[in-house]
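What follows is a set of notes on a single structure, which appears directly below.
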Amino acid sequence: MKASFISLLSAIFLCTSVNAQQKQGLYLSLNPLGVLEVQASYGAGIGYRFNEQWEISTEYGQLKPSLWMGEGKYTNIEGFRSVTAIKYSIDINEYTKSKTFVGAEFRYKQFSYDDVADFTNKTTGITTKDYNYKNTTSVKGFAGLIGKQWDLGESSRWALELVAGIGLRFKNINRNNTPANSFIVPKDTGFGETPNYKNNTTSIYFPVGIRLMVRL
């Protein structure tokens, strides 16, 4: 069994260690930083390189509770995130097997969770404490990017990508199962989250990614 496993790994390595400098084609990618976000993202991406300069990629991930923050006071967190980017290489270095690129991304995220808040009746002024309701948040983001890719070896299909950027995101919150004829009592929700009393917000965000890529 052990010998078969080693043989399988060797075959995979050999299959992914030729034609490293192909100018076009499909590749798969993985962003390990996704699991460290406020809503941890578990998924992978696929991209296509049209030529030396242009490529496009898209990434999809399921959202789960944060690894480092946990669910906190939220429960039953679930949702998804997609990120699509187009990239243009502005410098290709054959000596270091690397390239520098600029680009743009569009991302969409939607997630829901069970939340607890205070609600005040608009007519009577009576406040209901610690009321359980469902919060559904949708986020759209647009950003400019700059990044770099390195081939991991002289004749390898594997590559590493670092990317960072700046953009705007637009967040919308819908609340379900709330008390009738009531408004939510303002309260900050904590680091990395929009205050739960705001229905719509626009803010700056800074996308950062480290991707491990393998060309097919």
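Taking the Cα centre of the stretch 27-215 as the origin and placing charges on Cβ (Lys, Arg +1; Asp, Glu -1), which of Ile46, Tyr60, Ile184 is farthest toward the positive end of the dipole?
Ile184
If you count, for each residue, the other Cβ atoms within 10 Å and average over each peptide, how do 144-150, 177-183 line up from highest to lowest? Numbers along the way, then the final one.
Values: 144-150: 17.1, 177-183: 13.0.
Top to bottom by mean Cβ count within 10 Å: 144-150, 177-183.
Placing +1 at every Lys and Arg Cβ and -1 at every Asp and Glu Cβ, with all other atoms neutral, what dipole size does the stretch 73-127 have around its Cα centre, in debye to the nearest 20?
Using Cβ point charges on Lys, Arg, Asp and Glu, the stretch 73-127 gives about 160 debye.
In debye, nearest 20: dipole of the stretch 27-215 around its Cα centre with unit charges on the Cβ of K, R (+) and D, E (-)?
400 debye
Using a Förster distance of 35 Å, how high is the FRET efficiency between Tyr108 and Glu154, based on the Cβ-Cβ distance and rounded to 0.05?
0.35
On alpha-carbon atoms, Rg over Rh for the stretch 94-216 using Kirkwood Rh?
In the stretch 94-216, Rg relative to Rh is 1.22.
Less than 14 Å Cβ to Cβ from Pro32, Lys/Arg counted +1 and Asp/Glu -1: what total charge do the surrounding residues give?
Result for the neighbourhood of Pro32: -2.
Evaluate E = 1/(1 + (r/R0)^6) for Thr202 and Asn51, where r is the Cβ-Cβ distance and R0 equals 22 Å; express this FRET efficiency to the nearest 0.05.
Efficiency for this residue pair is about 0.05.
How far apart, in nm, are the 7 Å Cα→Cβ label points at Ser138 and Leu168?
For the pair Ser138/Leu168, the computed spacing is 1.8 nm.
Work out the charge dipole of the stretch 27-215 with +1 on the Cβ of Lys and Arg and -1 on the Cβ of Asp and Glu about the Cα centre, then indicate which of Val83, Asn93, Val116 is farthest towards its positive end.
In the stretch 27-215, that residue is Val116.
Where a number appears in this text, it was derived from the coordinates with a stated rule and is not lab data. It should be emphasised that the depicted structure is a prediction, and the values quoted were computed from it without experimental measurement. Note: ideal-geometry Cβ built from the backbone for every residue, glycine included; neighbour counts use all protein chains shown.
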